[in-house]
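Take a look at the structure below.
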Amino acid sequence: MFNFFKKAKSNTTSLFTPEKKGARPVFHDLRVLDIIRETSDCVSVAFEVPENLAADYQFIPGQYLTLETKINGEAVRRSYSLCSSPFDGELRVAIKEVEGGRFSTWANNELSAGDTMRVMTPDGNFTAVINPEASNNYVGFAAGSGITPVFSILKSVLENEPNSTFTLFYGNKTAGSVVFKEQIEALKNRYMNRLEVHHVLSREDQGTDYLKGRIDQDKCKTFAERFFDIKEVNGYFLCGPEAMINSVSEELKSMGVSKDLIHYELFTSPAQSIAGKTKVGKESTKKIDSQVTVILDGDETHFGLDSDGDCILDAALDAGADVPYACKGAVCCTCRAKVLEGEVEMEMNYALEDDEVEDGYVLTCQCHPRSEKVVISYDD
Ligand code: FES
């Protein structure tokens, strides 16, 4: 039934490359190879990658694609995580229909195999670099469609780190809304001693209190007492709504887990800040008229921008630069660029790692100039 869930064969194309992280994403037109209905409100969509673009679409487990299509004449752009493992030899995202979601509603109801759309090359920092020699224990916390990148990571670990284990806590409303349910069961049967899965359901009773409700701080504590030993875990992967990520990461940290081991990705733009992710850069209340230069593919675009005006990304788009973006909400990292000269302030940052910020990288959808001259490069 789920024939896309295939084991990588020696002659299949590996779409895995650890060096891909950080490369600037660009759009290409790709054809939809097939669409699988995963649940009543979720489809997975595979794209055909021409031979000449195979290198561009190599990815690391956990990364996402930004898709763009025209709906009623207007370009609509959204990011969706890859659910395939790079070792599967296919490029597949899962798209869950959300109420009022223009792109997700269109993809779930109107998109067909054979259609073509603009697909950005893979991007994202929520990743696991697979090492076949490693003997690691990983723990995943996912809620709803937050399973998508975790599923890619989980499959990659099971298939290519033969000495590693994965324990997954997966929250949903009901058993019927569990995305990839059969595939996860098949993996459990196949990797009996290396994969442990605990479904947590908010609207169905499974006979145990700790598996009923939402994944939160208390549940994380209970799971750590019953199912994993924090001293033995080499990495945590969290993906879902902000409340789950905040509560689980806070509980893990309070138990003594280093924040370096906690990797997370939000599925929506956050309503409030996550601990440790706040304003970055030089803060100023004084208005500055800045001259901004953005460099993209070696070409420079120059424009003036007030420090309390648009973000640098929007100003660059208005000035005619085809700079990359997806969420415009500090989450996806697609608009990442490096400050070569001057000072900027980021409103929010949920995507860049601390070392990237220290190296001068910023999210241009969140940036405002704080000096009279600013030079930013998307090429570095
Ligand atoms: S466009 Fe997504 S972080 Fe800026």
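Here are the numbers:
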{"read-out": "A128 being at pLDDT 95 or above and under 30 Å from N193 (Cα atoms)", "value": "no"}
{"read-out": "Any hit, the range 103-110, residues being open to solvent by less than 60 Å² (accessible area, probe 1.4 Å) and closer than 19 Å to V150 by Cα", "value": "no"}
{"read-out": "Selection count, the range 72-106, where residues are away from the ligand (no atom under 16 Å from the Cβ) and in contact with an Asp or Glu (Cβ under 8 Å, 6 or more places away or on another chain)", "value": "8"}
{"read-out": "Qualifying residue in the range 141-162 (condition: at pLDDT 95 or above, farther than 28 Å from C332 by Cα and not assigned by TED's automatic domain parsing to the domain that holds R92)", "value": "yes"}
{"read-out": "Number of the condition not met by P61 [criteria: (1) farther than 19 Å from C327 by Cα; (2) touching a residue at least 40 places away in the same chain (Cβ under 8 Å); (3) outside any loop (DSSP other than H, G, I, E, B)]", "value": "(3)"}
{"read-out": "Tabulated pairs, the range 125-138, first within 12 Å of V157 (Cβ to Cβ), second of a type in the set (S, T, Y) and not in a strand (DSSP E or B), C-beta under 6 angstrom, 6+ apart or interchain", "value": "I130/S156; A134/S164; N136/S164"}
{"read-out": "Boolean, F237 is under 23 Å from the mean Cα position of the chain (by Cα) and not in a helix (DSSP H, G or I)", "value": "yes"}
{"read-out": "Pair list, Cβ < 6 Å and 6+ apart or interchain, from the range 188-214 residues that are within 11 Å of N172 (Cβ to Cβ) to residues that are among the basic types (K, R)", "value": "S202/K173; S202/R214; R203/K173"}
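The values are calculated or read from the model by the stated rules, or taken from the named source; none is laboratory data. Quick caveat: nothing in here was measured; it's all calculated off a predicted structure. When we count neighbours, we look across all protein chains shown, and the Cβ atoms used for this are built from the backbone with ideal geometry, even at glycine. When the accessible area is computed, the model is the full protein with side chains, heavy atoms only, and any ligands, DNA or RNA have been set aside. Shrake-Rupley method; radii C 1.70, N 1.55, O 1.52, S 1.80 Å.
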